Amino acid sequence: KARVMPYQLLSAFKAAGDAVPAQVREALQDAMELSLANVPALAGRVVVCPDVSGSMSSAVTGHRGSATSSVRCIDVAALVAAAVLRKNPQARVLPFEQDVVKLQLNARDSVMTNAQALAKIGGGGTNCSAPLAVLNRERAAVDVVILVSDNESWVDANRRGATQTLREWELLKQRNPKARLVCIDIQPTATTQAAERHDILNVGGFSDAVFTMVANFATGKMDAEHWVGEIDKVSLAAQ
């Protein structure tokens with residue numbers, strides 16, 4: 001029997017729109033809560049950083065005419081943050097645009113409620129290093145940081161050098177040598193914020209399989225240096 005996962009339900013929820021009966025939308029939200037049983041929890045001190053900048057308002061598929069998805073990049077980032085928080089109530093959520101945006105989320109609220117609260121922030125420029133900079137200023141102890149973005153970050157004008165994101169990560173690693181960073185790039189291009197190595201995993205695209213991959217990487221079951229390829233996206237042709 002196939003397991004229904006959160007991203008599948010988010011896609012259905014967004015595709016349904018406001019025209020469908022309220023009972024249908026409520027049933028999808030109920031199903032979303034049940035689907036969390038299929039999302040693995042993460043061990044240790046977890047920080048999830050959803051990009052809520054203006055560029056995240058684009059569809060996950062890009063513009064494809066009638067095949068353009070109703071799911072936006074910011075919806076995916078918000079879903080990841082909300083799902084991680086629900087499975088890991090002690091996790092920190094640091095939404096960011098030009099800087100970290102202050103938003104108080106309740107881990108007991110529904111995933112859809114928290115995802116919608118995050119998705120409403122959208123706007124402003126992008127600075128992917130902002131949440132790492134906050135963690136460094138606080139001298140925070142962390143085990144796993146999950147960065148969810150479309151990679152349209154302010155970066156060094158000369159891409160031959162390290163990005164500010166990588167610089168901040170190196171500082172964080174001095175205090176947390178066993179920490180791991182996951183960069184989920186919803187719309188992957190030829191560049192990345194931090195090159196892959198044993199403590200950094202880059203994921204291009206998104207599907208529900210990402211939840212398990214992040215959990216495996218966080219526990220050392222999967223080595224980023226051996227991860228190749230792009231995650232198969234859920235078919236969005238009907239949306």
Please name all residue pairs, on different chains or six or more residues apart, with Cβ atoms under 6 Å, provided the first residue is in the range 191-209 and is over 16 Å from Leu172 (Cα atoms) and among the charged types (D, E, K, R) and the second residue is at pLDDT below 90 and open to solvent by less than 10 Å² (accessible area, probe 1.4 Å).
Glu196/Ala224; Asp208/Tyr7
If you go through the range 116-141 one residue at a time, how many are within 19 Å of Phe211 (Cβ to Cβ) and either at pLDDT 85 or above or of a type in the set (D, E, K, R) (or both)?
1
Report yes if Ala31 is at pLDDT 85 or above, of a type in the set (A, V, I, L, M, F, W, C) and farther than 14 Å from Asp150 by Cα, otherwise no.
yes
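Hey, among Ala82, Ala31, which residue is more than 24 Å from Glu138 (Cβ to Cβ) and not in a strand (DSSP E or B)?
On the way: Ala82 fails: more than 24 Å from Glu138 (Cβ to Cβ).
Only one candidate passes the filter, namely Ala31.
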Just name the residue that is surrounded by the fewest Cβ atoms within 10 Å (Cβ to Cβ) out of those in the range 81-123 that are more than 18 Å from Val145 (Cα to Cα) and in contact with a Gly (Cβ under 6 Å, 6 or more places away or on another chain).
Gln98
Residues satisfying the stated conditions in the range 101-131, i.e. free of Cβ contacts under 8 Å to residues at least 40 places away in the same chain and among the β-branched types (Val, Ile, Thr):
Thr113
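Which of the residues belonging to the range 8-20 are farther than 18 Å from Ala115 by Cα and either in contact (Cβ under 8 Å) with a residue 40 or more places away in the chain or open to solvent by less than 70 Å² (accessible area, probe 1.4 Å) (or both)? Break it down stepwise before answering.
Filtering the range 8-20 down to residues farther than 18 Å from Ala115 by Cα leaves 19-20.
Within the range 8-20, Val20 is the sole residue that qualifies.
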Filtered residues of the range 183-202 (kept if farther than 18 Å from Thr126 by Cβ and open to solvent by less than 30 Å² (accessible area, probe 1.4 Å)):
Asp199, Ile200, Leu201
Which of the numbered conditions does Val155 fail, given that it passes all the others? Conditions: (1) hydrophobic (A, V, I, L, M, F, W, C); (2) modelled with pLDDT under 90; (3) open to solvent by less than 10 Å² (accessible area, probe 1.4 Å).
(3)
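The values are calculated or read from the model by the stated rules, or taken from the named source; none is laboratory data. As the structure is a prediction and not an experimental result, all values here were calculated from the model. With ideal geometry, Cβ positions are generated from the backbone for all residues, glycine too; neighbour counts draw on all protein chains shown. Accessible surface is based on the protein model in full, side chains and every heavy atom, while ligands, DNA and RNA are left aside. Shrake-Rupley method; radii C 1.70, N 1.55, O 1.52, S 1.80 Å.
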